[in-house]
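Reading through the structure tokens given below for one structure.
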Amino acid sequence: MACFMPFSNKNLDIFMCVLRPTVAIVDDLLHSLKHFSFFTQTLGCIHSSIFNSLHGSMIVWYGAWIKRSSENKKLLYEAILSALMNLQDMAVLLNHNFMVAYGGMASDRSLAAKFSTGDTICFSSNRLLSNTKLNEQDFGYACFSIFQSYFPTMDGAVAGVCLKCESQPMVVNFYVWKNLQSCYSFLLNNDHQEMLGCFRDDTLFLKYDVYKVVYVSADDVSTFQYYPHKLLENHVSNVVEDFE
């Protein structure tokens with residue numbers, strides 16, 4: 001079964017974190033993150049996924065929740081971060097943020113980007129420079145306008161989503177590809193700085209990163225006990241009490 005990322009923030013809150021493994025066997029960290037996904041279900045996470053970088057030592061965890069109040073969202077953030085800190089012996093937490101989906105496109109005209117284990121995905125990001133006169137709202141609109149212009153020309157792109165970071169002036173584009181070859185072809189044959197046009201002096205373009213989807217929460221997990229991990233099980237009772 002597939003996982004999905006919506007094209008708007010009307011119904012879902014999206015959380016992402018980026019980790020750099022510090023363990024020799026990365027599969028150990030991936031295994032722990034699968035159990036972390038189980039843990040987030042007690043917090044109301046409706047689906048989650050893990051992306052493993054093909055060209056660097058980075059892993060991205062993605063989770064989505066039914067939209068909630070600001071107060072409950074703060075409690076959720078604290079619970080997620082607390083659990084992630086228990087993985088610090090296995091990885092460095094490089095970034096973590098709630099993201100706001102504010103636009104997207106799909107080749108099949110669906111209203112969400114769908115992806116499954118084994119799929120190729122990639123991220124690109126643009127950060128608004130501090131010394132620019134361009135405000136964050138105009139920056140977001142400009143990035144989406146560029147996305148709308150280029151997505152139809154991206155041969156092999158299945159879907160794409162524009163996401164704004166809640167805590168910093170940064171826009172992240174998320175793409176699902178038909179296959180790895182299509183993704184490489186696009187990355188190698190396009191001038192990504194040129195895509196920014198007149199906005200390139202106002203932003204810092206951060207490189208594309210290519211990932212493989214190594215897990216979605218809809219996968220068969222019958223071989224796992226629900227909370228075998230000592231790293232996470234101590235959080236369960238406390239977190240459930242906070243949300244009751």
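The values are calculated or read from the model by the stated rules, or taken from the named source; none is laboratory data. As the structure is a prediction and not an experimental result, all values here were calculated from the model. Every residue, glycine as well, gets a Cβ built from its backbone with ideal geometry; the counts of neighbours run over all protein chains shown. Surface accessibility is based on the protein's heavy atoms, side chains included, excluding ligands, DNA and RNA. Shrake-Rupley method; radii C 1.70, N 1.55, O 1.52, S 1.80 Å.
Here is how the numbers come out for the structure above:
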read-out: Selected residue (criterion: nearest to the chain's Cα centre (by Cα)) from residues of the range 43-95 that are acidic (Asp, Glu) and part of a helix (DSSP H, G or I); value: 78
read-out: Residue tally, condition part of a loop (DSSP other than H, G, I, E, B) and either of a type in the set (Asp, Glu) or closer than 18 Å to residue 146 by Cβ (or both), over the range 164-184; value: 2
read-out: Residue list for the range 96-113, filter: open to solvent by 40 Å² or more (accessible area, probe 1.4 Å) and either in a strand (DSSP E or B) or at positive phi (or both); value: 96, 102, 105, 109
read-out: Residue list for the range 14-33, restricted to those being surrounded by fewer than 19 Cβ atoms within 10 Å (Cβ to Cβ) and not polar (S, T, N, Q); value: 20, 23, 24, 25, 26, 27, 28, 30, 31
read-out: Complete set of residues in the range 117-131 that are hydroxyl-bearing (Ser, Thr, Tyr) and exposed (fewer than 15 other Cβ atoms within 10 Å of the Cβ); value: 130
read-out: Some residue of the range 234-241 being modelled with pLDDT of 85 or more and aliphatic (A, V, I, L, M); value: no
read-out: Candidates 168, 148, 137, filtered to the one that is modelled with pLDDT of 85 or more, closer than 29 Å to residue 39 by Cβ and surrounded by fewer than 16 Cβ atoms within 10 Å (Cβ to Cβ); value: 168
read-out: From 75, 43, residue being open to solvent by 20 Å² or more (accessible area, probe 1.4 Å) and not charged (D, E, K, R); value: 75
read-out: Test: residue 153 is touching a Leu at 6+ places or on another chain (Cβ under 8 Å) and not hydrophobic (A, V, I, L, M, F, W, C); value: no
